[in-house]
C-alpha cells in the first residue's frame, strides 16, 4: 500500500544551520507530494508541494524536489531560524479520490 | 486563499456528555471534508471522509456510532463525539477538499482540542 517514511526526530539545530529532513514514499504511479508544517498548538499548514517528477516545491526558504528514481522528497532549508521550530509532515496523495497519507512527522527545534 | 475554520478551538466536557465540533470552508465549497485525530507527538490519523449529502465513510477501527459526522451543506461538516470519555481527549483536525481543475488541494482547519474530564 501507499506509505510515507520520515527521518525520526527530534531534530535540534542552531540558528542559521542547514536543515535536511528526509522523506521517502511508497506508491505506484505518480503521486503528488507535500510538506506540511504544524506549529505548537495549531493545525496544519501547507508548506510546499510537487505534483510530478523533478518538480521542485519551494516556500519561505524551504525547498523539496520530487525524485522519482529514489522515491524521495527531502525537505531542505539553507539557514533555519528559531521561528522554524515546528513539526514537519511529509505526505502523499495519489489521485483526487484518494486520502492524503501522512508520514509520522519530524519535530524540529531551532535554538538561538 | 482557501480558509477552513473550526469551532470551538478548545472544549472541556464531562465524561458521558456529547460534544459537537464544526468545520467550515469559508470561501469555497467543499463536497468532501475529512476528519483527523492527532494524539500528542503523533501523526494525523484519518477518522472519516465526509461527503455532502451522503453518509460518511469511516476508517477501519473508528466507531461510527461514537463519532457522528454530518455534512449538511457544501461549507459545513460537523463531528459529534457522543458519550465522551477521557480516552477521547485529543486534537481533532478537519480538512476540506477544494477542486481546482485537474488537481485538488486539502485545506486544514486550526484544530479543536477536546479534553474530557
Of all residues making up the range B:96-117, the number that are part of a loop (DSSP other than H, G, I, E, B) and at pLDDT 85 or above: 4
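Pick from A:25, A:36: which is within 29 Å of residue B:114 (Cβ to Cβ) and crowded, with 20+ Cβ neighbours inside 10 Å?
Numbers: A:25 fails: within 29 Å of residue B:114 (Cβ to Cβ).
Step by step, each of A:25, A:36 is checked, and only A:36 is within 29 Å of residue B:114 (Cβ to Cβ) and crowded, with 20+ Cβ neighbours inside 10 Å.
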For the list (1) under 21 Å from residue B:117 (Cα atoms); (2) in a strand (DSSP E or B); (3) within 14 Å of chain A (Cβ to nearest Cβ), I need the number of the one condition that residue B:34 fails. (1)
From the list A:28, A:20, which residue is at negative phi, more than 14 Å from chain B (Cβ to nearest Cβ) and part of a loop (DSSP other than H, G, I, E, B)? A:28
Check whether at least one residue in the range A:67-82 is surrounded by fewer than 20 Cβ atoms within 10 Å (Cβ to Cβ), in a loop (DSSP other than H, G, I, E, B) and within 13 Å of chain B (Cβ to nearest Cβ), and report yes or no. no
Residue within the range A:2-9 that is more than 10 Å from chain B (Cβ to nearest Cβ), surrounded by fewer than 14 Cβ atoms within 10 Å (Cβ to Cβ) and farther than 20 Å from residue B:106 by Cα present: yes
Among the residues in the range B:12-28, are any within 13 Å of another protein chain (Cβ to nearest Cβ), more than 19 Å from residue B:116 (Cβ to Cβ) and in a strand (DSSP E or B)? yes
Quick one: residue B:88 ticks every box in (1) away from chain A (no Cβ under 12 Å); (2) without any contact (Cβ under 8 Å) to a residue 60 or more places away in the chain; (3) buried (at least 21 other Cβ atoms within 10 Å of the Cβ); (4) within 22 Å of residue A:41 (Cβ to Cβ) bar one, so which box is it? (3)
Would you please name the residue that is farthest from residue B:8 (Cα to Cα), looking only at residues in the range A:31-60 that are within 15 Å of the chain's Cα centre (by Cα) and in a loop (DSSP other than H, G, I, E, B)? A:55
Please go through (1) modelled with pLDDT under 90; (2) more than 21 Å from residue B:33 (Cα to Cα); (3) surrounded by 20 or more Cβ atoms within 10 Å (Cβ to Cβ) for residue A:86 and return the number of the only condition it doesn't satisfy. (1)
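Every residue in the range B:11-27 that is surrounded by fewer than 18 Cβ atoms within 10 Å (Cβ to Cβ) and closer than 21 Å to residue A:36 by Cβ, please. Break it down into steps so the answer makes sense when it comes.
Initially, the range B:11-27 is screened for residues surrounded by fewer than 18 Cβ atoms within 10 Å (Cβ to Cβ), giving B:11-18, B:20, B:22, B:26-27.
B:26, B:27 - these are the residues of the range B:11-27 that are surrounded by fewer than 18 Cβ atoms within 10 Å (Cβ to Cβ) and closer than 21 Å to residue A:36 by Cβ.
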Using the structure shown, decide if residue B:56 is surrounded by 14 or more Cβ atoms within 10 Å (Cβ to Cβ), without any contact (Cβ under 8 Å) to a residue 24 or more places away in the chain and within 14 Å of the chain's Cα centre (by Cα). yes
Residue match in the range A:95-105 (condition: touching a strand residue (DSSP E or B) at 6+ places or on another chain (Cβ under 8 Å), within 14 Å of chain B (Cβ to nearest Cβ), part of a strand (DSSP E or B) and on the phi < 0 side of the Ramachandran plot): yes
Regarding the range B:66-83, can at least one residue be identified that is on the phi < 0 side of the Ramachandran plot, at pLDDT below 95 and more than 14 Å from the chain's Cα centre (by Cα)? yes
Hey, residue A:40 hits all of (1) modelled with pLDDT of 95 or more; (2) within 19 Å of residue B:110 (Cβ to Cβ) but one; which does it fall short on? (1)
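The values are calculated or read from the model by the stated rules, or taken from the named source; none is laboratory data. None of these values were measured; they are calculated from a predicted model. Here Cβ is always computed from backbone atoms with ideal geometry, including for glycine, and neighbour counts include all displayed protein chains.
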